[in-house]
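Everything below concerns the one structure shown next.
Just so you know, all these numbers are worked out from the coordinates, no wet-lab data involved. Quick caveat, the model's predicted, so the values are computed rather than measured. Ideal geometry is used to build each Cβ from the backbone, glycine not excepted, and the neighbour counts take in all protein chains shown.
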Amino acid sequence: YGNNLFIDTKIEMNPVQDVDSLESFRESICNCQKCSLGNTRANFVFGVGNPHADIVFVGEAPGKKEDLIGEPFVGRAGKLLDKILEAIDLTREDIYICNVLKCRPPQNRDPLPNEVDLCEPYLKTQLLMINPKLIVALGRVSACTILKTKEPLKNLRNRIFQYEGIDLLVTYHPAALLRNPNFKKPAWEDFQLIRDKYLIQN
Ligand code: URA
């Protein structure tokens, strides 16, 4: 399936801003068997949303429902994410959502380092193709795997990082907000920052 087709060639690749190429990239990797999650997944969960999005949200990995449906953030955490997006006047059609891992780890365990190593090139290519203004890493696992750090999430918030030359902000995972409502206020501050810095055109 030409899994490696895009991976080593990103320097030559322009941000294509093109639905067809993102879709053909998906087709080229959706039967991936590079790690053992290929044996246990129901569906490969590539990502959904606007291929021209200014903002891409990156979660950790598909959960049970995402695995069954083949779309990211369709469970409870996803519903909360939709509400937060609505509060800053965004819908799913405005943004793009994907995960670091494209396949569900059994029992939703944390991604293993080798799974991240094998899957992250897909994320990189996807982000370079979409070429957003901002990447938002949702939660510690997403942030720490993307940024290659072990810092606690609270140290990563309120800072602008760069990933492949694109601004990156870190905020709580919506599932964490469901578990701990105390995180809702700081998360709302993060989303207001996103709105004020990346959505309001001056
Ligand atoms: N949690 C994630 O990190 N990603 C999903 O797609 C769903 C839940």
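The figures follow:
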item	result
Only Lys, Arg (+1) and Asp, Glu (-1) charged, at Cβ; the stretch 49-103 dipole about Cα centre in debye	300
Sorted by Cβ neighbour density within 10 Å, fewest at the top, the residues R104, R109	R109, R104
Amide H contacts of L168 (H built 1.01 Å from N, under 5 Å, at least 5 apart or other chain)	I135, F161, Q162, Y163
Least to most buried among T145, T171 (fewest other Cβ within 10 Å first)	T145, T171
The stretch 61-192 - Rg and Dmax from Cα coordinates, angstrom	14.1, 38
Amide hydrogen neighbours beyond the local backbone of E60, cut-off 5 Å, H modeled	V100
Rh by Kirkwood over Cα pairs, then Stokes-Einstein D for the stretch 75-136 at 1.567 mPa s and 4 °C, µm²/s	96
Residue order, fewest to most beta carbons within 10 Å, for I95, I88, I55	I88, I95, I55
Note, ³J(HN,Hα) from phi for the stretch 53-68, Karplus 6.51, -1.76, 1.60, rounded to Hz, x at Gly and Pro	4, 7, 10, 10, 9, 10, x, 8, 6, x, x, 4, 5, 4, 4, 6
Within the stretch 151-202, trypsin sites (Lys or Arg not before Pro) in DSSP loop having at most 16 other beta-carbon neighbours inside 10 Å	R159
Value at 222 nm in deg cm²/dmol, rounded to 500, when DSSP H runs of n ≥ 4 in the chain each add -39,500 (n - 2.57)	-11500 deg cm²/dmol
